[in-house]
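The values are calculated or read from the model by the stated rules, or taken from the named source; none is laboratory data. Remember, it's a predicted structure, so these values are computed and weren't measured experimentally. As a convention, Cβ positions derive from the backbone with ideal geometry for all residues, glycine included, and neighbour counts pool all protein chains shown.
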Amino acid sequence: MDISDRIRIIRKNTGLNQTLFGEKLGISRSVIKNIELNVYKTGIPENIVKLICCKFNVNENWLKMGIGEMYVETEDFILSQLKNTYNLSDLEYKILTAYLKLDTSQRKAVEKFIADILKSEPQTIKVAARGNNSKVINIKKSDVEEDMKNYVPPENL
């Protein structure tokens, strides 16, 4: 196995096609294709090797010579893998990162807050009106329930 094969393995591990892998590195799909086909007889440019190692936390010795572990597993790398695996938005990634930096008591407070949200019913109901004044408004659920108890349908329907 040579460096071209190892780069293909990295790309496939990321779940990216050649175009998206190239975009992450700031290079074209054709460059990635040529690398994977081992077209560069003088070797893959060093700046591309360094870029792959930096962007994907790849062990440079493994990439160049197949020595050692494939990845340098840092906290940032693990979180980046989660972001890629679960297609997290930048905001979701920031939320996850911030949560993991909290101390135990802060995490417990966040867990309680989320648990309360998950077990509670919505307290408002969205209602859309028809006619010239159409808009969506929020009405308290308790008000709707009370109105329904007192509702008397018109007799001439």
Exactly one condition in (1) more than 14 Å from ILE3 (Cβ to Cβ); (2) surrounded by fewer than 16 Cβ atoms within 10 Å (Cβ to Cβ); (3) among the polar types (S, T, N, Q) is false for ASN61; which is it? (1)
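Take the conditions out of contact with any Asp or Glu (no Cβ under 6 Å at 6 or more places or on another chain), surrounded by 10 or more Cβ atoms within 10 Å (Cβ to Cβ) and at pLDDT below 95 and apply them to GLN123. Does it pass? So that I can check it myself, show each step before the final result.
Working: out of contact with any Asp or Glu (no Cβ under 6 Å at 6 or more places or on another chain): yes; surrounded by 10 or more Cβ atoms within 10 Å (Cβ to Cβ): no; at pLDDT below 95: yes.
Answer is no for this residue.
Residues in the range 126-148: is at least one among the hydrophobic types (A, V, I, L, M, F, W, C), modelled with pLDDT of 90 or more, surrounded by 11 or more Cβ atoms within 10 Å (Cβ to Cβ) and not in a helix (DSSP H, G or I)? Write out each step before concluding.
Looking only at the range 126-148, we keep the residues that are among the hydrophobic types (A, V, I, L, M, F, W, C), and these are 127-129, 136-137, 139, 144, 148.
Remaining after also requiring modelled with pLDDT of 90 or more: none.
No, that holds for no residue.
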What pairs come up if the first residue lies in the range 9-20 and is more than 15 Å from LEU37 (Cβ to Cβ), the second is part of a helix (DSSP H, G or I) and modelled with pLDDT of 95 or more, and their beta carbons are under 6 Å apart, counting only those six or more places apart or on different chains? THR19/ARG29
Working only within the range 39-52, note down all residues that are closer than 15 Å to SER4 by Cβ and surrounded by 14 or more Cβ atoms within 10 Å (Cβ to Cβ). TYR40, ILE44, ILE48, VAL49, ILE52
Could you tell me whether the range 27-48 includes any residue that is closer than 29 Å to ILE95 by Cβ, among the hydrophobic types (A, V, I, L, M, F, W, C) and assigned to a helix (DSSP H, G or I)? no
ASP103 passes all but one of the listed conditions (1) at pLDDT below 90; (2) more than 30 Å from MET148 (Cβ to Cβ); the exception is number (1)
